[in-house]
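Student: Sharing a structure with you now.
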Number of protein chains: 2
Amino acid sequence: MKENANNFNDKLKEKGYKITFQRKQVLDVIKDNEGKHLNSEEIYNLVKEKSPDIGIATVYRTLSLLDKMGLIYKVDLDEGSVKYELDRDLDSHRHRHHHLICLDCNEIVEVEEDLLDDIEEKISAKHNFFIKDHSVKFYGYCIKCRDKYGD
Amino acid sequence: MKENANNFNDKLKEKGYKITFQRKQVLDVIKDNEGKHLNSEEIYNLVKEKSPDIGIATVYRTLSLLDKMGLIYKVDLDEGSVKYELDRDLDSHRHRHHHLICLDCNEIVEVEEDLLDDIEEKISAKHNFFIKDHSVKFYGYCIKCRDKYGD
DNA sequence: CTTTATGCAAAAACTTTGCACCGAG
DNA sequence: CTCGGTGCAAAGTTTTTGCATAAAG
């Protein structure tokens, strides 16, 4: 049950990056909001609550660093909005989970099942493509919104 | 073997939109470059070759209209780039195909197989989510780039 | 002390909007 | 003729960059 923070510090050191207060603040906000899918502005605002002097540029630079290091995922929602989420399972290199995106209320539900192994195998073989990761989004209606429209 | 163009004109009329030269030009460029995944700037430049007076705003307005009408898909590639592609199968309302994205050369290969029906069924049932469409991207290395790295 | 990171503001990249004029129906 | 569409330029958004200063190691 390792703290991600240690992992974070280790990874930074490993690559010669410095461990700064701001970087810790940004990661903390993302960790404290697991499952929430914050965008850069939301992260910036939350970090600013604790550290009002931080600049948006630092947040962008940190997000891009965290993404590059694989500590967070950039989730691109096709509606022009970019959100970030924690990678919960850094060590095992699992595939990221899927997202169910409600076309009505825009709620994002995460789905832990992977279920894509067979498909990957088929596609790998047929197209000679070595698959490292995938991104799967299902668009539709959640139960709440579906009810609104009756049948 | 209906021409998409007719479909296009019909759809426009249906919704009360006007059939303009510029709209035809934009659709033509996208049709002439099927499989190429052009971004807005590329489309703008190609249209400008034939019609130098067109404005970028018109291209954006047309792309957004075509997307809204379902004639093209907006493909968001997670690298901050937005590309557009033709919907080849307007009538049957099939799911869009998948994309294989090479992490090295950025080539995008399209995969026609769908193969997601089982998964959709499982997820629908388990999460009470009515799935209308999906977006699937596989990230990895194409055979050419894989060879570069040996084993 | 050296090098990287930060904050600020300016710039860049991309997209949308307001408005007067134009053209499809 | 009428109303929606267009081109242009200006304005928005979101993200990146340059630079002097601050802080990590």
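Student: Taking segment A:46-55 on its own, how many of its residues are open to solvent by less than 70 Å² (accessible area, probe 1.4 Å) and within 7 Å of DNA strand C (Cβ to nearest atom)?
Tutor: Result for segment A:46-55: 3.
Student: Check B:Asn39, B:Asn33 and return the single one that is on the phi < 0 side of the Ramachandran plot, within 14 Å of chain A (Cβ to nearest Cβ), at pLDDT 90 or above and away from DNA strand D (no atom under 13 Å from the Cβ).
Tutor: B:Asn39
The values are calculated or read from the model by the stated rules, or taken from the named source; none is laboratory data. None of these values were measured; they are calculated from a predicted model. Neighbour counts run over all protein chains shown; Cβ positions are idealised from the backbone, glycine included. Surface areas here come from the heavy atoms of the whole protein model, side chains and all, with no ligands, DNA or RNA. Shrake-Rupley method; radii C 1.70, N 1.55, O 1.52, S 1.80 Å.
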